[in-house]
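The values are calculated or read from the model by the stated rules, or taken from the named source; none is laboratory data. Because the structure is predicted, anything quoted here is derived from the model rather than measured. Cβ coordinates were reconstructed from backbone atoms using ideal geometry, including for glycine residues, and neighbour counts include every protein chain displayed. Side chains are part of the model used for accessible areas, which takes the heavy atoms of the whole protein and leaves out ligands, DNA and RNA. Shrake-Rupley method; radii C 1.70, N 1.55, O 1.52, S 1.80 Å.
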Number of protein chains: 4
Amino acid sequence: MSHKIAILGASGYTGAELVRLIATHPDLQIAALSADRKAGEEMASVFPHLRHLDLPRLVTIDEIDFSGIDLVFCALPHATSQAVIATLPRTVKIVDLSADFRLRDPEAYKKWYGKAHEQPELQAEAVYGLTEFYRGEIRKARLVAGTGCNAATGQFALRPLIAAGVIDLDEIVIDLKAGVSGAGRSLKENLLHAELAEGWHAYAAGSTHRHLGEFDQEFSALAGRPVEVQFTPHLLPANRGILATVYVHGEPEEIDATLRKAYENEPFCVVLPMGDLPSTRHVRGSNFVHLSVVPDRRAGRCTVFAALDNLTKGSSGQALQNANLMLGLDETMGLMAAPLFP
Amino acid sequence: MSHKIAILGASGYTGAELVRLIATHPDLQIAALSADRKAGEEMASVFPHLRHLDLPRLVTIDEIDFSGIDLVFCALPHATSQAVIATLPRTVKIVDLSADFRLRDPEAYKKWYGKAHEQPELQAEAVYGLTEFYRGEIRKARLVAGTGCNAATGQFALRPLIAAGVIDLDEIVIDLKAGVSGAGRSLKENLLHAELAEGWHAYAAGSTHRHLGEFDQEFSALAGRPVEVQFTPHLLPANRGILATVYVHGEPEEIDATLRKAYENEPFCVVLPMGDLPSTRHVRGSNFVHLSVVPDRRAGRCTVFAALDNLTKGSSGQALQNANLMLGLDETMGLMAAPLFP
Amino acid sequence: MSHKIAILGASGYTGAELVRLIATHPDLQIAALSADRKAGEEMASVFPHLRHLDLPRLVTIDEIDFSGIDLVFCALPHATSQAVIATLPRTVKIVDLSADFRLRDPEAYKKWYGKAHEQPELQAEAVYGLTEFYRGEIRKARLVAGTGCNAATGQFALRPLIAAGVIDLDEIVIDLKAGVSGAGRSLKENLLHAELAEGWHAYAAGSTHRHLGEFDQEFSALAGRPVEVQFTPHLLPANRGILATVYVHGEPEEIDATLRKAYENEPFCVVLPMGDLPSTRHVRGSNFVHLSVVPDRRAGRCTVFAALDNLTKGSSGQALQNANLMLGLDETMGLMAAPLFP
Amino acid sequence: MSHKIAILGASGYTGAELVRLIATHPDLQIAALSADRKAGEEMASVFPHLRHLDLPRLVTIDEIDFSGIDLVFCALPHATSQAVIATLPRTVKIVDLSADFRLRDPEAYKKWYGKAHEQPELQAEAVYGLTEFYRGEIRKARLVAGTGCNAATGQFALRPLIAAGVIDLDEIVIDLKAGVSGAGRSLKENLLHAELAEGWHAYAAGSTHRHLGEFDQEFSALAGRPVEVQFTPHLLPANRGILATVYVHGEPEEIDATLRKAYENEPFCVVLPMGDLPSTRHVRGSNFVHLSVVPDRRAGRCTVFAALDNLTKGSSGQALQNANLMLGLDETMGLMAAPLFP
C-alpha cells in the first residue's frame, strides 16, 4: 500500500534530495510539491536531473489539499517552518527539516536563533530526529524535527562515548569539514564557484555555530550535567560531505569498543577497523555513516572520525528514515543505494 | 529468481560501478569478483564505498567456478579481454566492457588497436552493445561488446540523423568534453589531481582517438557509404560525465523531429525542448542521456547536444541494461535511480 | 617616473586582477579605486588577497579628482561604462574593459546589446583593444576598448588565417570552453558552487553569444566580405581559463606556418610545435596565449587551439598591455610573471 | 650583480615553483637545472607553463659544473638529498627543500624517518629554515634546511605563543587541511584526480605524521621542556594551500597581542583583525601567511588560524627568502607578487 506524501519547499536542495530518494521507494507516492516563488513551474525546469520522473507541478502551500496526505516533509527555511506546520491538520504526520523544532528549551531556541519561538506547544510535541537514538519515540511521533547536518555528524561520533562515560567531558574538540550544499541554494557571494573553489576557511568559529544548541542539548542530557564542546566548522570546495574530526581524552580501546557496540546492529552506521580513516567520498550520495577511532601517540587521547553526506544522512536521508518509522515501514526502504564513487 | 553473475576486473572503476548498480537489482546476485593483482583482498579495502555490501572476496579468474554462473561482466583492460573470454564455457553469457569486440572488421581492429585480433571467431559472434539500436540482437546474443563511452555519446546524437538522411555526411564535427574517470584507475602522471585540476585540454586530437573506429563502423553502416567525422575529445577537471557538442549541416526542425521520434519510447533517452542545453550534472550517476537540438543563426546548420555519465550509461549502466535483456529481464531493472545533484 | 592611474569598478574580478598585476608594475601608481556599492570600504575587506598592499580606500566615482590621473581603467558593467566615460576629462586616457566600445557599427551594437548606443562619438573614437593587431592605433589612442575574453581567444586562433586567406571562410566552427570567473562576481543561481561544480554545459548556443558581434566585425573586416562563424561557448567547473577548439578547412602546414609567422615576434603569443595540445593550466594567471595546429585525418582539414587566462590575457592583462602602450612604456611591464601551476 | 644558481630536482613541483619565482627575480640567474630521469629534456616539455622562459636544458647532477654556482636549491626526494649535498663543493651555498636536515637530533631523525642519518656532520651544520625565526643564523649559514610545509604552518601559529608562555603546553591540538600538491608529482593511486576529487579524509592520524618531529624539536626548544602536540593533517580536493586550525587554552586577548607583536614588522606575516578567518584562497601562489585568533565561547580557550600556500611560503618561497638572506640580498626579492584570486 502506498502512502501519499507532500514536500513543502521542494525547490531547495533538501527538497530535491527527498524526491531523488523517494523516486525508488516502493511504498511512497509524491502527491504534492510546493515552492512558493516557483509555484506553477514544472519540477523538471527547477531540477533538470529529476526530469525523467512523473511529478506533480509545483504549487503554493495553500493549494495543497492535505486531507489525502499521510506525511509531509517540510523543507522550508528556518523560522518559516513553524508557522506553516501550525496550520497543517493534525491527521498529517510531519518530518520537519528546518531548525525550528530541534531545541526543546524555548530559551535555547531564542539564544541560538535570535527570536522567541512562535509555536511552543508544537515544539514541546516534537521528537528530535536522530533516528538511531530516538527510534522508539519517532515511531510514535506526529512531528519529528530533523537534526542539523553538522550536529548529526558530531553526535554519531560522540553520543555513545558520552553516554558510556568514557571520555573527559571538558576536553572535547570537534573540527568539522563540510561541503557547500549544506548552505542551500541561496544567492550569497561566498557561495559562488569563483569565490569558493580552490580555497577553504573556517566559519562561525569560536563555537558560535547554531548547531551548538543541539550539541549542548543532547550531550548535556546524556551526561546529566552541562557539556560544552569546542566546535569549528570549515567550508570546503566540494558539494557534498561532512567529516568530523573529534579530539577526545580517553582510552582508545575502550572508545573503539564503545562505538562498535553502539552501532553493531545499525544498518547505516559502519565502524571501520581501528586506525582506518573514513572519507566523505565513500559515503557520497548515500545514507551511510563511516566512523573510526585512532589512538594518539600520547596515552589517554584519541581522535574519533565520522563521515556522512550532509544532504542524505545529514538531512533528507535521515528524514526519509524517520518517515519510514512513522509510517510503520521498514526503516531502510529507499535508502540502501550504494555511495557514488568516483 | 536470481541470476548468478561474475565480474572480472572488479578493482577498476567500471567494475565498481557494476557492483554499485547491481546492489539494488532484485534479480541479480554477485557470485564472484576477480582482480588479479588484488586477489585475496576484500572489496571493502579496494572500494570502501561498497563496504556495506556482503560481497565475495576478490579472487583470480582461475579460481572462479563458472559452472554456476549465468552471466559474466568482463571489465578487463583492452587486449586482455579477448584471451580470457575465449576460455569461458559457452554456457555463460558475456557482456564485455573492453574495446576488444567493438569492431566487426578485423582490419579496422588492427588499424585502431595496433595489432591483429586474436579471437576472430568470437569477434564475429559479438553483438555491438548500444542497447537502443541493437536490442533485438542483444536479446539473443551470447557475447555483447560494450561500446566506448565517447562512442556511445556521439552515436546517441547522430545515429537517428544519419539513418534518416537529414544531415550532410561530410560536415560532421563532434567536439566532446569528458571527465577523468573514463581513463580508469591507472597510474599516469596526467591523471594526478595536481596535474588535472584547474585546467583542461584536448587529447587524441586530429581525429586519432580509437573510438573513431566505432564511429566509422556504425555511421558508415547506417549511411551505406563511408562516413568520416571530425572528432576532438577534451579532458576536464571533473570525475564523471561526457558532453558531446555536435555541429551538423541540416534543418533544425527536421533534426529535432527526427531525434524526438527516434527516442519517443526509450526509457533512458530524454530529448529536451528545442533550444534547451543538457548538462552532465543532470545525468550524473544515472543511466539517462539528455539530448537537444539548437538551431544556428545560419540557416541549414545546427548543434546537437548529448550528455551522459561515462561510467553509467557510457559503460556499466549500458552493460547492465544489456545483461537484463540477455537474461530476459526488464531492461530497466536496477537502472532507474535518479541522478545525483548537486 | 610614475603614472597615476584610477580603477573604476574595483570590486569586481577584473578590477581585482588589475590591482594584482599593477602591484608589481614599477611605473604605475594606483591613485584611486571606485566601487559604488562598496564605497567607503577598504579593498582588503572586499578582496582579502590584496591585503598586503597599500591601497586607497574605495570611493564613488564622483569622489575622484581626475585632474591628477593619467589613465583610467574602467571595469564597470556593460552599458553603464559609456555614460561614465562620457563625463571624464579629455586629458585622461581610458582603457575600458566593458563591452560598450567594442563594436564600431552602432547598428551592430544595438543588435547584440539590445539598445541604442548613447555615446556614438566616443564609440567612433575608440580603438579595438586586441593589442597584437591594433598596436599602432592603441599607442596613439585616448580610448581603447578591451575585447571580450572569448572574442580574444577565438581571434588569436583565426585572425592570421583569415588575413592570409588560408581557410574556407564559410566553414569555421569555434567550440569554446571557459571557466566561471568570466561571468563576474554577480549573484546568479547558475554561478553557485553547488550548481556548477561537477558538471558542464553549453550556454548561448546557436551562435547567439554577444561576442559574435566582435567576431563578425573583425573577421569580416579582415576578409573584406561578411564572415559568420559558428560559435558555442561552454561553462566549465573551474575558475580561470578559456580554451578555443577551432575547426577549419585548409592545409595544416600552411595554417601552422601562417600562425607561426604572425606570432614570431610576439612576447605573449606562443605557437607550440605542430600536434602539441595547449592546456589552460599552463597559462593560468599569466598574460600568455598558447596556440597550436593539429592536422585532421582528412586532408584539407585541421583544428586550431588557443588557450589563455580570461582574467589576464582575456581582460585585465590585455588592458594593462594596452595601457603600457598608451603611456609610452614597455608593453610587457608588469606582465611577465609565469603562470601558476599546479 | 647576478648570482648564479642551480636547482637540483627541477622536475618536481617545488623545483618548478622555484623557477616560477626566480623568473621575476632581478638578481638571480638560473645556470643549471637537474632532473635525473628527465635529463636531456627541455624544461618546457616537463612543465609547459614555463615555456616562455629561456632555461637551460635538464641535466644529471654529475653534468653540472658547480664551480660557477653561487647557490644550490636542492629539491630532491627525502633521503636522497643528504648524499648529494655531501658531494657539493663547500664554496657553494645550499638551500635544501627535503626533510634531510630539518631534525638536529640524529635520534629524532632515525625515529621519524626510519633509518640513520648518513651525514651527521652536515646535519650539525644545517640551520633550520623558518626564516622569520632563524634570520640571523640563516644569513651566515652555508646549509639551510627548508621546513616541512605543514610544520611551517603550525609553527607560524604557535611559536610566539609558546615562546611567550601564554598557552597551556599540554593541550595543543593542530587540525590541518592541505591541498594535494604537497604530496608531489609521484604516481600514487590516492593522488589520482578520480580518487581525490569530491572527497576528503585525514591521513597520518594519531600524531604519526613526520612533521611532528619538527614540532617536537622546535616547540620543546622554545618551551625549555618537552612539548607534544596532537596533530591531524587532512587531504583536500584542491591543489594548493594549507589551513591550520589550532585549538589552545589561554586568554584570547593575550594570545592575539602576542601574535600581533611577533609579526608586526614581518613583511610576509599578516595578522588579521581578531575574529576574522583566514582562507587559503587569499594567499594562493604567494609568500604570505594569514593568521588570526578567535576567542571561544568558553573563557580561557581560543582558536588560532594560519593559512599559507604550501608550494610558496611552505617550501619554494621560503627557500628563496632564505637564499636572498644567504646572498646578502633584500629578503623580499622575487616574493612580493600578490596571491592569485579567484
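Modelled spin labels at D:GLU251 and B:GLN29, positioned 7 Å past Cα toward Cβ, are 7.2 nm from each other. Taking packing as the residue-averaged number of other Cβ atoms within 10 angstrom, the listed peptides C:256-267, B:192-203, D:179-190, D:104-115 run from highest to lowest as B:192-203, D:179-190, C:256-267, D:104-115. For the range A:11-123, the solvent-accessible area of protein heavy atoms averages 43 Å² per residue (probe radius 1.4 Å; ligands and nucleic acids excluded).
Cα centroid separation, the range A:116-171 to the range C:104-143: 64 Å. Each other copy holds its own label point for C:TYR203; taking that point as 7 Å from Cα along Cα to Cβ, the gaps run 2.2, 2.7, 3.5 nm, nearest first. Secondary-structure-derived ellipticity at 222 nm for chain A, considering helices only, amounts to -8000 deg cm²/dmol, per-run term -39500 (n - 2.57) for DSSP H runs with n ≥ 4. Label sites at D:GLU137 and B:ASN190, each approximated as a point 7 angstrom past Cα along Cα to Cβ, lie 4.6 nm apart. Start at zero, step by 5 Å, and the Cα-Cα distances of the range B:1-107 spread as 2, 13, 24, 26, 19, 10, 4, 1, 0, 0 percent across the bins.
Summarising the label geometry, the points placed 7 Å from Cα in the beta-carbon direction at A:GLU125 and C:LYS110 lie 6.5 nm from one another.
Heavy-atom accessible area buried between chains D and C is around 2700 Å² (1.4 Å probe, both sides summed). Only protein heavy atoms count here; under a 1.4 Å probe, C:VAL127 has an accessible surface of about 10 Å². For the peptides A:323-330, C:22-29, the ranking by packing is A:323-330, C:22-29, with the highest mean count of neighbouring Cβ atoms within 10 Å listed first. Inter-chain neighbour count for A:37-48: the average number of beta-carbon atoms from partner chains within 10 Å of each residue's beta-carbon is 2. Here the dipole of the range D:150-309 is about 420 debye; that uses its Cα centre as origin and unit charges on the Cβ of Lys and Arg (positive) and Asp and Glu (negative). If you take all other residues with their beta carbon under 12 Å from the beta carbon of D:ARG297, and give Lys and Arg +1 and Asp and Glu -1, the sum is 0. Mean projection of the Cα convex hull over all viewing directions, computed for the range D:1-62: 3.9 nm². Structure remark: mean-square fluctuation, Gaussian network model of chain B, C-alpha springs under 10 Å; the largest value among B:CYS302, B:CYS74, B:CYS149 belongs to B:CYS302. For chain D, the spread of Cα positions along the three principal axes, ordered from largest to smallest, is 61, 43, 39 Å. Placing a label point 7 Å from the Cα of A:PRO120 along the Cα-to-Cβ direction, the distances to the matching points in the other copies come to 7.2, 7.5, 8.9 nm, shortest first. Listed by chain and number, the lysines placed with their C-alpha closer than 25 angstrom to that of B:LYS4 are B:LYS38, B:LYS93, B:LYS140, B:LYS313; residues fewer than eight positions away on the same chain are left out. Each Cα pair of the range D:267-306 feeds into the Kirkwood radius, which the Stokes-Einstein equation turns, at 37 °C and 0.692 mPa s, into a diffusion coefficient of 303 µm²/s.
Which order do you get for B:THR87, D:THR245 if you rank them by accessible area with a 1.4 Å probe, largest at the top?
B:THR87, D:THR245
Apolar share of the accessible surface for the range C:150-310: 51 percent from carbon plus sulfur atoms, 1.4 Å probe. Farthest toward the positive end of the dipole of the range D:230-342, out of D:ASN239, D:ALA323, D:PRO278, is the Cα of D:ASN239, where the dipole comes from beta carbon charges about the Cα centre.
Between helix C:131-140 and chain C there is an angle of about 40 degrees, using the helix long axis and the longest principal axis of the Cα atoms.
Would you tell me the mean number of C-beta atoms belonging to other protein chains that fall within 10 Å of each C-beta in B:303-314, as a whole number?
Mean inter-chain Cβ contacts per residue within 10 Å come to 2.
For the range D:5-92, the dipole from Cβ point charges (+1 on Lys and Arg, -1 on Asp and Glu) about the Cα centre works out to 200 debye, to the nearest 20.
A Cβ-based charge dipole, computed about the Cα centre of chain D with Lys and Arg at +1 and Asp and Glu at -1, lands at about 360 debye. The distance separating the Cα centre of the range D:317-342 from that of the range A:189-247 comes to 36 Å. Available extension along the chain between A:GLU266 and A:TYR203 is 19.5 nm, counting 0.36 nm per residue and deducting the alpha carbon span.
State the percent of C-alpha pairs, over all pairs in the protein assembly as shown, separated by a distance greater than 47 angstrom. Of the Cα pairs, 38 percent sit more than 47 Å apart.
Here the Kirkwood formula, the inverse mean of 1/r across different C-alpha pairs, assigns the range D:142-265 a hydrodynamic radius of 15.7 Å. Computed over neighbours whose Cβ is under 9 Å from that of C:THR245, the net charge equals -1, Lys and Arg +1, Asp and Glu -1.
Could you work out, residue by residue across D:225-237, how many beta carbons of other chains sit within 10 Å of that residue's beta carbon, and then give the average as an integer?
The per-residue average across the peptide is 4.
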